[in-house]
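Worksheet for the structure shown next.
The values are calculated or read from the model by the stated rules, or taken from the named source; none is laboratory data. Nothing here was measured: the structure is a model prediction, and the numbers come from that model. Positions of Cβ are backbone-derived with ideal geometry, glycine not excepted, and every protein chain shown enters the neighbour counts.
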Amino acid sequence: MSTTHTIGLDLGGTFLKAGVVSEDGTILERIRYAVDPSSAEKVFKTVGEAVGACRDIDRCLVAVGLGIPGIMDHGTHVIMNSPNLHCLDGRALDDLMKDVCPLPYALDNDANCGAYGEFVAGAGRGTTGSFVLLTIGTGVGGGIILDGALWHGARGFAGEPGHVVIERDGRPCNCGGRGCLETRVSAGAVVAAYESRGGRAASAEEVARRAHGGEGAAVEALADVGRDLGLGLAAIINLLNPEVIAVGGGVMGAGELLLGPARVEAGVRAFRASFLSTRIVEATLQNDAGMVGAGLMARGVIQ
Ligand SMILES: [Zn+2]
């Protein structure tokens, strides 16, 4: 059988990233478009342009995968809530896609696409069955792979590790709850932990740079956030015992300064045998994970 390529689309609130993706998850070509968030029709006009441009580059593309920012009903493809693209709220994506996309397509939320990309072509490469991705930036996103496939839950809302509650009366969370993992483990939480030790930094990246440079308060702040991350990892390990948990996102510039303490804490909190059979590693695809995953997911609609 000849080699086939697909289109991976990663839609965000500001940009649409499009890529021609090979069978093994390599990005062969990439294009980026600005997104006009004022209407769903304008957003999907850009999606159509991206599909057309990719087909001009490679005439043998067989399918499209699209990662959407927001919560989507996996059965009906209706967007329940898209915090960064409110024009999509309540819209049925198949109605929008059929007008702009002449190829078969797969849809999923962007975090799930990222998890699938990391599972197949990134930190989970070689893993056969179970994998969890945590992406830590402004918030904490993620996705779950079980028995080699994305786990969507009853209607597609599964895979929100950032909103596992680790504190009963903790800080208010963006989701409306309290004490979620995301309130203790995020870029903002890193800066807050640093400031509580008398430091001043504009971003989590800056804290990481200072920590790598040996500044004690920065190292301690990352260790603090890492220990909270470890509580979340322990919950995931005890619940799923995945082969690999990969951690990515903006704060991972901290690398082992964050992941080391997280691993120690998870080791103390989780069942020992379960912990020992789960590898906790850094994600490897960074900002490409969503596009790669969307492209790979598209292969599912052509087989
Ligand atoms: Zn929450």
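Could you please let me know if Met72 is among the hydrophobic types (A, V, I, L, M, F, W, C) and farther than 26 Å from Val20 by Cα?
Working: among the hydrophobic types (A, V, I, L, M, F, W, C): yes; farther than 26 Å from Val20 by Cα: no.
Against the criterion (among the hydrophobic types (A, V, I, L, M, F, W, C) and farther than 26 Å from Val20 by Cα), Met72 does not qualify.
Annotation note: Cβ proximity below 6 Å between a residue of the range 105-132 that is closer than 17 Å to Met72 by Cβ and a residue that is surrounded by fewer than 23 Cβ atoms within 10 Å (Cβ to Cβ) and of a type in the set (Gly, Ala, Ser) (sequence gap 6+ or interchain) occurs for Ala106/Gly300. Out of curiosity, is Arg171 free of Cβ contacts under 8 Å to residues at least 40 places away in the same chain and touching a helix residue (DSSP H, G or I) at 6+ places or on another chain (Cβ under 9 Å)? When the stated conditions are applied, Arg171 passes them.
Which condition does Thr138 not pass, out of (1) within 26 Å of Gly70 (Cα to Cα); (2) more than 16 Å from the ligand (Cβ to nearest atom), if it passes all the others? All conditions pass for Thr138, except number (2).
Summed over the range 99-112, residues that are modelled with pLDDT under 95 and surrounded by fewer than 19 Cβ atoms within 10 Å (Cβ to Cβ) total 1. Within the range 44-59, at least one residue is closer than 19 Å to Ala92 by Cβ and either in contact with a His (Cβ under 6 Å, 6 or more places away or on another chain) or without any contact (Cβ under 8 Å) to a residue 40 or more places away in the chain (or both).
Within the range 21-37, none of the residues are within 18 Å of Cys101 (Cβ to Cβ) and assigned to a helix (DSSP H, G or I).
Checking Ile302, Ile237 one by one, the residue that is at pLDDT 95 or above and aliphatic (A, V, I, L, M) is Ile237 and no other. For the range 179-210, a residue qualifies if it is crowded, with 19+ Cβ neighbours inside 10 Å, within 14 Å of the ligand (Cβ to nearest atom) and assigned to a helix (DSSP H, G or I), and the qualifying residues are Leu181, Glu182, Thr183, Arg184, Ala189.
Do we have any residue at all in the range 231-243 that's small (Gly, Ala, Ser) and more than 23 Å from Asp147 (Cβ to Cβ)? Give the derivation first.
Going through the range 231-243, the residues small (Gly, Ala, Ser) turn out to be 232, 234-235.
Those still in the list that are more than 23 Å from Asp147 (Cβ to Cβ) too: none.
For the range 231-243, residues small (Gly, Ala, Ser) and more than 23 Å from Asp147 (Cβ to Cβ): absent.
Filtering the range 161-178 to residues that are within 8 Å of the ligand (Cβ to nearest atom) and in a loop (DSSP other than H, G, I, E, B) leaves Cys173, Asn174, Cys175, Gly176, Gly177.
Being more than 17 Å from Val292 (Cα to Cα) and at pLDDT 95 or above holds for only one residue in Gly52, Gly75, Gly117, and it is Gly52. In this structure, Gly260 qualifies as out of contact with any helix residue (DSSP H, G or I) (no Cβ under 6 Å at 6 or more places or on another chain), modelled with pLDDT of 95 or more, surrounded by fewer than 19 Cβ atoms within 10 Å (Cβ to Cβ) and not β-branched (Val, Ile, Thr). Can you tell me which of Arg55, Arg30 is under 20 Å from the mean Cα position of the chain (by Cα) and surrounded by fewer than 20 Cβ atoms within 10 Å (Cβ to Cβ)? Just a single option satisfies the conditions, and that option is Arg30.
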